[in-house]
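After the structure tokens below, expect a handful of questions from me.
The values are calculated or read from the model by the stated rules, or taken from the named source; none is laboratory data. Computed from a predicted model, the values in this text were never measured in an experiment. Neighbour counts are summed over all protein chains in view; Cβ atoms, including those assigned to glycine, are modelled from backbone coordinates with ideal geometry. Just the protein is used for accessible areas: all its heavy atoms, side chains included, with ligands, DNA and RNA removed. Shrake-Rupley method; radii C 1.70, N 1.55, O 1.52, S 1.80 Å.
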Amino acid sequence: MTRQAQSALLFLLGASLLHAGTTDLYLRYVKEGLRPLLLLSAAVLITTALATLWYDRKQDRQPDGRHDGKHDGISGPTKTTTRPTPHKPPRTTWLLTLPILALILVAPPALGSYTATRAGTALQEPYAYDPLPPDNPLTLPLTDYAARAAYDKGRTLKNRHLRIEGFVATPPSGPPYLVRMTLNCCAADAQPVKIALTGEVPPVLRPDTWLRVEGTYTPETTKDPVNGALIPYLKVTRATPMKPPKDPYEALAR
């Protein structure tokens, strides 16, 4: 591949990172706090690509260094040199741009039910539980509800009307799950946290449908068939479809 082609690939990669970092697209792949590093990486790649193109054009405008073999008066006769003609690469090398163009034009969605049903719940017991506001209904992160229901025996959830958002996952057997994916750094280390649904659950649930669920705490629990971890239940009183949130991931309750 020529240096021009390498520069083009660097520029396209940098442009794709810039596009993701200046929109909400990057939230499908990394945590929100990594946005500055993503934009910095895009700037470095684009600058490198433009600098490489500028250097090559500058080299092309210089003489080829050919001399007539006479003495220069100091170091004796000079050698005749010519710049080598670069080998023209096959056009198929430009196919390497297709994955980058696909990332720009057809961005893959955030992780969903396929991953959630094949990975065990990553629920962890937090060190402490923050006091809950007196809101009614009380909107809670799914991971917060799951931790309080599973490890705190619902002590702060009893007699509260709750609202939780997540996407639907339907395992081969057992109750449907409401799920949020959690991550430490990026989508590569994402893990699901699940709560099982009981009560007035809609009769037909499509995987990956986002729901805003209202309900109450129930002490019922089940075991994740993937890793045997504890999954708490939520007794549903109302379930409403919703658009996916800007940030589809949640942080683990700690």
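Going by the structure shown, is Asp130 charged (D, E, K, R) and surrounded by 15 or more Cβ atoms within 10 Å (Cβ to Cβ)?
no
Going by the structure shown, is Val201 within 25 Å of Asp135 (Cα to Cα), in a loop (DSSP other than H, G, I, E, B) and aliphatic (A, V, I, L, M)?
Yes; evaluated as a whole, the condition is true for this residue.
Also, I was wondering about something else. In the stretch 217-242, how many are part of a loop (DSSP other than H, G, I, E, B) and either at pLDDT below 95 or surrounded by 19 or more Cβ atoms within 10 Å (Cβ to Cβ) (or both)?
6
Checking Leu53 against (1) surrounded by 12 or more Cβ atoms within 10 Å (Cβ to Cβ); (2) part of a loop (DSSP other than H, G, I, E, B); (3) modelled with pLDDT of 70 or more, which test does it fail?
(2)
Identify the single condition in (1) free of Cβ contacts under 8 Å to residues at least 60 places away in the same chain; (2) under 25 Å from Tyr26 (Cβ atoms); (3) open to solvent by 30 Å² or more (accessible area, probe 1.4 Å); (4) touching a Lys or Arg at 6+ places or on another chain (Cβ under 8 Å) that Cys185 does not satisfy, given that it satisfies every other one.
(1)
Here's a follow-up. Taking only the stretch 143-170 into account, find how many residues are open to solvent by less than 20 Å² (accessible area, probe 1.4 Å) and assigned to a loop (DSSP other than H, G, I, E, B).
Looking only at that region, the number is 2.
Still on this structure, I have one more. I'd like to check something: does the stretch 121-132 contain any residue that is of a type in the set (Asp, Glu), at pLDDT 95 or above and closer than 27 Å to Thr240 by Cβ?
Among the residues of the stretch 121-132, not one is of a type in the set (Asp, Glu), at pLDDT 95 or above and closer than 27 Å to Thr240 by Cβ, which makes the answer no.
On the given criteria, is Val179 closer than 18 Å to Asn227 by Cα, open to solvent by less than 20 Å² (accessible area, probe 1.4 Å), at pLDDT 95 or above and outside any loop (DSSP other than H, G, I, E, B)?
Yes.
Also, quick follow-up: Every residue in the stretch 188-216 that is open to solvent by 40 Å² or more (accessible area, probe 1.4 Å), in contact with a helix residue (DSSP H, G or I) (Cβ under 8 Å, 6 or more places away or on another chain) and within 16 Å of Leu142 (Cα to Cα), please.
Once the filter is applied, which keeps residues that are open to solvent by 40 Å² or more (accessible area, probe 1.4 Å), in contact with a helix residue (DSSP H, G or I) (Cβ under 8 Å, 6 or more places away or on another chain) and within 16 Å of Leu142 (Cα to Cα), the stretch 188-216 yields only Asp208.
Report every pair of residues separated by at least 6 positions or lying on different chains whose Cβ atoms are under 6 Å apart, first residue within the stretch 22-34 and farther than 14 Å from Val106 by Cα, second open to solvent by 80 Å² or more (accessible area, probe 1.4 Å) and in a loop (DSSP other than H, G, I, E, B).
Note: pairs meeting the criteria are Asp24/Lys246.
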